[in-house]
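Written below as structure tokens is the structure these notes are about.
The values are calculated or read from the model by the stated rules, or taken from the named source; none is laboratory data. Computed from a prediction, not measured in an experiment: that's the story for all the values here. Please note: Cβ atoms are built from the backbone with ideal geometry, for glycine as well, and neighbour counts cover all protein chains shown. For accessibility, only protein heavy atoms count, side chains too; no ligands or nucleic acids. Shrake-Rupley method; radii C 1.70, N 1.55, O 1.52, S 1.80 Å.
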Amino acid sequence: MKIIYINAAISAGKTSLATILSEDLGTTAFYEKVEDMPMLEKFYSAGEDSRLALAFPLQIAFLNYRYDQLRKGLYLAEKGERNTVYDSSLLSDGLMAGNLFRRGEFPAEEYDLYQNLSQNMQSNVSGHPFSGFPDLVIYLDMSFETMLDHIQERGRDMEDIRKDATLVDYYKSVWTTYKNWAASYSQSALVTINMDNTDFVHDEDDRNRVLDVIESRLVDLGLLTKKEFKDIKHKRGV
């Protein structure tokens, strides 16, 4: 199927990398657009209470959103496109839902229903059997302090820890969830990028280094030929 997921905690740079990587590869990228998920602001609006009240409908909304993106990506794969990039995914949504459940902010009966729906939807996507795992996962690792800095820098009111101090504990649980996931993930190839000392948006050397690491791995996996990799680097002037 030739699918690439970018997985990371909140505000790690997933969307920026999806854009940079898809443009370098000449492939399609699918993005999480906040404006497509108006319920998200309500989810953040009243701390623990709103998370508990809206965990199920929000995760179902994300499930439907991701399912539609996955279906479109598999259609592209059927037409011959390789290395479609997703800046988020059903894999990531499952981690977020599981974290809410462990925090007691996702009622057990509703969480079980969410899990069943997710598994049923992924098992047969528009007639294409899908294991739920991509060909490659890119994990953007970072310290908790870097994560908080990134969240504040992007300036979304609903995420602002100055307006809701309880968000710090929630963010810490999200960060821990992704760290633990990355330490044990083995279902597909994984590339880890350390975001504490990397700025692929503003630093050209960092951008080229990150792209080289990812695309070298694609060559190893047979998802990109050596000639294609050489040609891509040449276009970048490397």
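Per-structure values
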item: Difference of contour (0.36 nm per residue) and Cα-Cα distance, E153 to D199; result: 15.2 nm
item: Low-density loop cleavage sites - chymotrypsin sites (Phe, Trp or Tyr not before Pro) in the stretch 75-170, where at most 14 other Cβ are within 10 Å (DSSP); result: none
item: Share, in percent, of DSSP beta bridges within the chain that are antiparallel, nearest 5; result: 5 percent
item: Local electrostatic count at R66 - Lys and Arg +1, Asp and Glu -1, tallied over other residues with Cβ under 9 Å; result: -3
item: Under-5 Å amide H pairs with F30, H placed in peptide plane, nonlocal only; result: V85, Y86, D87
item: Cα-based Rg / Dmax (Å) for the stretch 118-225; result: 17.3, 50
item: Gain upon complete extension [T19, N208; 0.36 nm per residue less C-alpha separation]; result: 66.7 nm
item: Dimensionless Rg over Rh [the chain; C-alpha; Kirkwood]; result: 0.96
item: Intensity falloff of the stretch 1-78 expressed as log10 I(q)/I(0), Debye formula with alpha-carbon point scatterers, at q = 0.19 Å⁻¹; result: -0.93
item: FRET efficiency, 1/(1 + (r/R0)^6) with R0 22 Å, evaluated for D160 and A53 via beta carbons; result: 0.60
item: Placed amide H near Y139: partners under 5 Å, 5+ positions off or other chain; result: N7, V191, T192, I193
item: Per residue accessible area in Å² of the stretch 1-62, where ligands, DNA and RNA are left out and the probe is 1.4 Å; result: 41 Å²
item: Computed accessible area, S92, all protein chains, 1.4 angstrom probe, square angstrom; result: 10 Å²
item: Apportionment of accessible area to carbon and sulfur, the chain, percent (1.4 Å); result: 49 percent
item: Segment K33-K72, extension gain: residue separation times 0.36 nm, minus the distance between their alpha carbons; result: 12.4 nm
item: Under 23 Å from the Cα of K227 - lysines, other chains or at least 8 residues apart; result: K2, K79, K235
item: For the stretch 155-162, Karplus couplings with θ = phi - 60° (6.51, -1.76, 1.60), whole Hz, Gly/Pro x; result: x, 8, 4, 5, 9, 6, 6, 6
item: GNM top mover of R102, R51, R66 - the chain, alpha-carbon springs below 10 Å; result: R102
item: Proximal lysines to K42, defined as alpha-carbon separation beneath 21 angstrom and excluding residues fewer than eight positions away on the same chain; result: K33, K163, K172
item: Lysines whose Cα lies under 16 Å from that of K179, excluding same-chain neighbours fewer than 8 positions away; result: K14
item: Separation of alpha-carbon centers, the stretch 38-96 and the stretch 168-218, rounded to whole Å; result: 19 Å
item: Descending semi-axes in Å of the stretch 53-93, equivalent ellipsoid built from Cα gyration tensor; result: 25, 10, 5
item: Projected-area mean, the stretch 84-162, by convex hull of Cα positions, square nanometres; result: 7.4 nm²
